[in-house]
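*Asks:* Have a look at this one before I ask anything.
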Amino acid sequence: MTESYPHYIEFRHVYKTFDTPVLADVSFQVDPGETVAIIGRSGVGKSVTLGHIMGFLKPDQGRVIVAHHDITGYGEVELGHIRRKVTMVFQSGALFDSLTIGENILFSLELREDYDEQNRRDVVRGLLKMVDLDEFEDAYPADVSTGYKRAVAIARAVAAQPECILYDEPTTMVDPIMSSHLSGLMLRLKRQLRLTSIVVTHDLDLMRQVADRVVVLHEGQVIFFGPAADLERSDHAHIRDFLELDRV
């Protein structure tokens, strides 16, 4: 950590335009060990925000700080160092179809020179147990549901021992039981491993369970940034409509 960048992740007046403005003067911070949820309707810039954190996108204006480093001008080599600390769980799971579930998790450990073969196997089994997938070690991604694919993707991300995990819509298109399982898993990771995380989601139940603070994006701007509990008390018309629609 440096004095200049005390927050683990920070957006400072970030602007991004494609055909139309997507992010307009976006500022927020995520502190070490904190979980921040980014919510809003489709097309408001939630996934674009994650793209900036991973360095896949560069802001037109403003600064992006990740892992206490200003990555705004970083090239691929420097970003490689950041991506060892910050990993992303994609909505698709992004698993290798030709590898078993155990092998998918093992993939994250292949570059760990401090692990021998037995260590790697022990870690894989431990992670499978953690996500309640012990009996699926030899199954393939095609053999399990969307929700279980996401759980495997989370286990694979944790295997790399990151400081921070970014979750892109982790409970979209899964049933309520699996949604509850995934949110419980995310909460355990936060408490046991003290991981910093950002969760992009439409799922307000998930937000309420795991988020310390919430960013609400609307038309590319932050219209709320604060504790999750305060969101319910907001008198902003769009937020009132958003919460009411969720209740319906």
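The values are calculated or read from the model by the stated rules, or taken from the named source; none is laboratory data. Predicted model, so just to flag it, every value in this text is computed and none were measured. With ideal geometry, Cβ positions are generated from the backbone for all residues, glycine too; neighbour counts draw on all protein chains shown.
*Asks:* Tell me yes or no: at least one residue of the stretch 225-244 is without any contact (Cβ under 8 Å) to a residue 60 or more places away in the chain, part of a strand (DSSP E or B) and surrounded by 14 or more Cβ atoms within 10 Å (Cβ to Cβ).
*Replies:* Yes - at least one qualifying residue is present in the stretch 225-244.
*Asks:* Here's something else I'd like to know. Give Asp122, Asp138, Asp143 a once-over and let me know the one that is surrounded by fewer than 20 Cβ atoms within 10 Å (Cβ to Cβ) and closer than 20 Å to Leu189 by Cα.
*Replies:* Selected residue: Asp122, the only one of Asp122, Asp138, Asp143 that is surrounded by fewer than 20 Cβ atoms within 10 Å (Cβ to Cβ) and closer than 20 Å to Leu189 by Cα.
*Asks:* If you go through the stretch 62-79 one residue at a time, do you hit one that is under 14 Å from the mean Cα position of the chain (by Cα), over 20 Å from Leu195 (Cβ atoms), hydroxyl-bearing (Ser, Thr, Tyr) and assigned to a loop (DSSP other than H, G, I, E, B)?
*Replies:* Checked the stretch 62-79: no residue is under 14 Å from the mean Cα position of the chain (by Cα), over 20 Å from Leu195 (Cβ atoms), hydroxyl-bearing (Ser, Thr, Tyr) and assigned to a loop (DSSP other than H, G, I, E, B).
*Asks:* For Val77, work out the one condition from (1) farther than 24 Å from Gly33 by Cβ; (2) surrounded by 16 or more Cβ atoms within 10 Å (Cβ to Cβ) it doesn't fulfil.
*Replies:* The one condition Val77 does not meet is (2).
*Asks:* Now for a different question. Please find, within the stretch 26-35, the residue that is farthest from the chain's Cα centre (by Cα) out of those that are crowded, with 17+ Cβ neighbours inside 10 Å and not in a loop (DSSP other than H, G, I, E, B).
*Replies:* Val26
*Asks:* Could I ask something else about it? Restrict the check to the stretch 149-157 and report whether at least one residue is loosely packed, with under 15 Cβ neighbours inside 10 Å and of a type in the set (D, E, K, R).
*Replies:* Within the stretch 149-157, the subset loosely packed, with under 15 Cβ neighbours inside 10 Å is none.
Checked the stretch 149-157: no residue is loosely packed, with under 15 Cβ neighbours inside 10 Å and of a type in the set (D, E, K, R).
*Asks:* Which is out of contact with any Ser or Thr (no Cβ under 8 Å at 6 or more places or on another chain), of a type outside the set (Lys, Arg) and farther than 25 Å from Gly220 by Cα, of His7, His81, His52?
*Replies:* Exactly one residue qualifies, and that residue is His81.
*Asks:* With respect to Val86, is the statement that it is free of Cβ contacts under 8 Å to residues at least 12 places away in the same chain, among the hydrophobic types (A, V, I, L, M, F, W, C) and out of contact with any Phe, Trp or Tyr (no Cβ under 7 Å at 6 or more places or on another chain) true? Break it down stepwise before answering.
*Replies:* Details: free of Cβ contacts under 8 Å to residues at least 12 places away in the same chain: no; among the hydrophobic types (A, V, I, L, M, F, W, C): yes; out of contact with any Phe, Trp or Tyr (no Cβ under 7 Å at 6 or more places or on another chain): yes.
When the stated conditions are applied, Val86 does not pass them.
*Asks:* Separate question: What residue, of Asp203, Asp212, is within 18 Å of the chain's Cα centre (by Cα) and at pLDDT below 90?
*Replies:* Within the list Asp203, Asp212, the selection yields Asp203.
*Asks:* Can you find a residue that is in a strand (DSSP E or B), under 19 Å from the mean Cα position of the chain (by Cα), surrounded by fewer than 16 Cβ atoms within 10 Å (Cβ to Cβ) and not basic (Lys, Arg) anywhere in the stretch 36-57?
*Replies:* No, there is no match, as no residue in the stretch 36-57 is in a strand (DSSP E or B), under 19 Å from the mean Cα position of the chain (by Cα), surrounded by fewer than 16 Cβ atoms within 10 Å (Cβ to Cβ) and not basic (Lys, Arg).
*Asks:* With the condition kept exactly as written, say whether any residue in the stretch 2-23 is assigned to a loop (DSSP other than H, G, I, E, B) and at pLDDT 95 or above. So that I can check it myself, show each step before the final result.
*Replies:* If we filter the stretch 2-23 for residues that are assigned to a loop (DSSP other than H, G, I, E, B), which is where we start, we get 2-8, 18-20.
Remaining after also requiring at pLDDT 95 or above: 7-8.
Checked the stretch 2-23: at least one residue is assigned to a loop (DSSP other than H, G, I, E, B) and at pLDDT 95 or above.
*Asks:* Just to check your reading of the model, which residue among Val131, Val158 is modelled with pLDDT under 90 and under 15 Å from the mean Cα position of the chain (by Cα)?
*Replies:* The conditions single out Val158.
*Asks:* Still on this structure: Filter the stretch 35-56 for residues that are in contact (Cβ under 8 Å) with a residue 12 or more places away in the chain and under 14 Å from Ile82 (Cβ atoms) and give the result.
*Replies:* Leu50, His52, Ile53, Met54, Gly55
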